[in-house]
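Below: the structure, in structure tokens.
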Amino acid sequence: MFIKSFFTFFVFLSCLLSFTCASHGVRRFEVDQKDKFQNCQLSFKDCGSKSGSLKSATYNGTCNSGIAVLKRGTIVSIDFSFISNQVEDTLKSIVHGKISDLPFVPFPLDNPDACKDSGLTCPIKNGVQLDYLPVLNVLSTYPSVNVIVKWELQNKAGDDVFCALIPATITS
Ligand SMILES: *[C@@H]1O[C@H](CO)[C@@H](O)[C@H](O)[C@H]1NC(C)=O
């Protein structure tokens, strides 16, 4: 019992550290990378989208039955295809990660500004499908764990244009 709790705590701690460190490695996005996406549709669950909806999440790495396989030491990009019900001039991403039964831990992005270097031109239009393409650096220090990623795209008022829970697995 003690060993198990200790192990869980260790995994939690190393993830917390990796997530914090990860924010320093996020690279600038190049819009023309979008064409290079493999057809890896990620499964996701809505977690309270308020002023829009997520239509699809496509990932340019490999996936296993809709689960994103995050290979350590690689740079990956997700194509979030979404619709906003409102015109928005400010959009930011808030990302959390969750391992087993532990609470969600913040995963600060280096570039949380979705209006900057991520494929969107702000103000964004309402009622049309748009592609938001953030880039993530999967650090080699990440532990090999299954993680639920909670991705929120928020407007100026703090409402979620979309909120999605995306299962992922980190591998070597
Ligand atoms: C995925 O996109 C990122 C960011 O543009 C790029 O650095 C990476 O090489 C791409 N990966 C693949 C497998 O195309």
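Where a number appears in this text, it was derived from the coordinates with a stated rule and is not lab data. Please read all numbers here as calculations on a predicted model, not as lab measurements. Cβ coordinates were reconstructed from backbone atoms using ideal geometry, including for glycine residues, and neighbour counts include every protein chain displayed.
Going from the fewest other Cβ atoms within 10 Å to the most, the residues 58, 171 appear in the order 171, 58. Close amide H pairs (under 5 Å, H built 1.01 Å from N) link residue 47 with 163, 164, 165, residues at least 5 positions away or on another chain.
Neighbour counts of other Cβ atoms within 10 Å put 102, 165 in the fewest-to-most order 102, 165. Modelled spin-label separation between residue 43 and residue 87, with each label point placed 7 Å from Cα along the Cα-to-Cβ direction: 4.0 nm.
Place a point 7 Å from Cα of residue 169 in the direction of its Cβ. Which residues in segment 54-85 have their backbone N less than 16 Å from it? The answer is 61-72. About its Cα centre, segment 117-172 has a charge dipole of approximately 20 debye under the convention of +1 per Lys or Arg Cβ and -1 per Asp or Glu Cβ, with nothing else charged. Given the pairs 50/92; 116/156; 71/116; 125/156; 98/156; 55/150, which span a C-alpha to C-alpha distance of over 22 angstrom in this model? From 50/92; 116/156; 71/116; 125/156; 98/156; 55/150, over 22 Å: 71/116; 98/156.
Residue separation times 0.36 nm, minus the C-alpha to C-alpha distance between residue 141 and residue 115: what's the value? Numbers along the way, then the final one.
Working: separation 26, 0.36 × 26 = 9.36 nm, distance 2.91 nm.
Additional length available on full extension: 6.5 nm.
Shown in residue order for segment 48-58 are the 3J(HN,Hα) couplings computed by the Karplus curve 6.51 cos²θ - 1.76 cosθ + 1.60 at θ = phi - 60°: x, 4, 10, 10, x, 7, 8, 8, 7, 10, 10 Hz (x for Gly and Pro).
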